[in-house]
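The values are calculated or read from the model by the stated rules, or taken from the named source; none is laboratory data. Since we're looking at a predicted model, the values are computed, not measured. Cβ sites come from the backbone with ideal geometry, for glycine too, and all protein chains shown count toward neighbours.
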């Protein structure tokens, strides 16, 4: 049996995300695929249900500002030390996106349910939060294993627990250090990327480099590798997380992020930034 | 003694961490982070988790939450745009949800960790009536139901203390109310009351928050400053220029 090569161009990878898709993306420090985000915006994707695992920053703000997002499921959106995420804030206030506010472990739990192929996952805590009241898709049930007769009412110990529906993304999209030509992707210790890949119907990855050899051949690399069976497409994109930091490979482009935070406060300013961001992509981060 | 405002807060937080083994610090929390490093400098058995550089996790972003649910995490820090007198926290926004008048980033892990970590230290530098409100507009993380705490995951969490720029409060779980523990040097009870939007208990005489002693200050400005500079270089450079922290 032969397998189609997962190696792809950025534009072909972006074309695999249809309008209206449920798209899972990682938090800023884990490796958002910013070059692929540029390709998505350029192709004019619309109506995304963006699932931030479990938060987002520049990536969500750009996609929202560019009109690509219908529904945002997240525990937070922030530019971190560069301040609030202005397009997210504006869209929520204007009511132009639907917001599904969550809490970090609830998003992880939903993905874990999906990777196990089960309909829901219970989670401690959270009860009493207004998040529960505003999430009709979340439920509170009694722990079916609580000891019967343990409370004053004699009808079983009161042990309410939150249950969260499985989150099954149409696609997971992230940036990783390297992949081999068989389609195996090395993520190192960033295990939430593994969970995202297991949970999603297909996983789209950009990498700093494509390497020779087989990442599954040695235990040391294999332990941090997503096997090719989960991977839909891989595109090589050096500096593919720019202007965000990418682990030990490169730091954040602080001047660029400060520019974004400043310009994106207004719609015309955002449009100006977006045009520059899309244009700069043609020459790569070093050019332009 | 010449003590910076931040150093007083760092020393006060480190005292609140006494006896803790596993302490986690969230993103963008340089003062709690420095306090946790100070606690570790005094007691090498303290583990500081969650800070970007040198964190001990190998199971991804979920690991902090999993170990907190098990009861392995002793202390964590939370803040909020609004905090009310029952210990409810709002990290979402003001006005009517979802189209908030002022929208903040979101709840992060607060709804979960607040309920499951036995020693949650509320830290918010701004001590004003716009932050310390009678009732939050949105409950991101709920204050504990009145009653004693226990190891049971349904009764473990809630606020251990609330530290601001002006004062330190404790929280009485049985009564579901904050009480004033100390006021920082240069501030007084009247000022604290005038700037607090919720009702709280206060003893007859309110002590002053102690200044860090010379030994503590030397630790903060030396090895702790160099350590925190690995994660917060700009913070360390601004606050502890004497440590040469950013160049280490």
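Out of A:41, A:29, one residue alone is surrounded by fewer than 24 Cβ atoms within 10 Å (Cβ to Cβ), more than 20 Å from residue B:26 (Cα to Cα) and assigned by TED's automatic domain parsing to the domain that holds residue A:197. It is A:41. Within the stretch B:101-144, the set of residues being free of Cβ contacts under 8 Å to residues at least 24 places away in the same chain, in contact with a helix residue (DSSP H, G or I) (Cβ under 7 Å, 6 or more places away or on another chain) and assigned to a loop (DSSP other than H, G, I, E, B) is empty. Looking across the stretch B:193-216, the residues that are surrounded by fewer than 20 Cβ atoms within 10 Å (Cβ to Cβ) and in a helix (DSSP H, G or I) come down to B:193, B:194, B:214, B:215. The residues in the stretch B:141-172 that are away from chain A (no Cβ under 14 Å) and surrounded by 19 or more Cβ atoms within 10 Å (Cβ to Cβ) can be counted, and the count is 10. Taking the condition surrounded by fewer than 23 Cβ atoms within 10 Å (Cβ to Cβ), within 14 Å of chain A (Cβ to nearest Cβ) and at positive phi, does residue B:106 pass? In short, no. If you filter the stretch A:197-219 down to residues that are touching a helix residue (DSSP H, G or I) at 6+ places or on another chain (Cβ under 6 Å) and touching a residue at least 60 places away in the same chain (Cβ under 8 Å), you find that the one that is nearest to residue A:179 (Cα to Cα) is A:206. Would you be able to say whether some residue in the stretch B:113-133 is within 19 Å of the chain's Cα centre (by Cα) and on the phi > 0 side of the Ramachandran plot? No. Condition first: in a loop (DSSP other than H, G, I, E, B) and at pLDDT 95 or above. Now tell me which residues in the stretch B:20-42 satisfy that. Residues satisfying the conditions are B:20, B:21. Within the stretch B:59-100, which residues are surrounded by fewer than 21 Cβ atoms within 10 Å (Cβ to Cβ), part of a loop (DSSP other than H, G, I, E, B) and at the interface with chain A (Cβ under 8 Å from one of its Cβ atoms)? Selection gives B:59, B:97, B:98, B:99, B:100.
Of the residues in the stretch A:250-264, at least one is under 19 Å from the mean Cα position of the chain (by Cα) and surrounded by fewer than 21 Cβ atoms within 10 Å (Cβ to Cβ).
Can you tell me which of A:40, A:62 is part of a helix (DSSP H, G or I), within 20 Å of residue A:201 (Cβ to Cβ) and either at pLDDT 95 or above or touching a helix residue (DSSP H, G or I) at 6+ places or on another chain (Cβ under 7 Å) (or both)?
A:40
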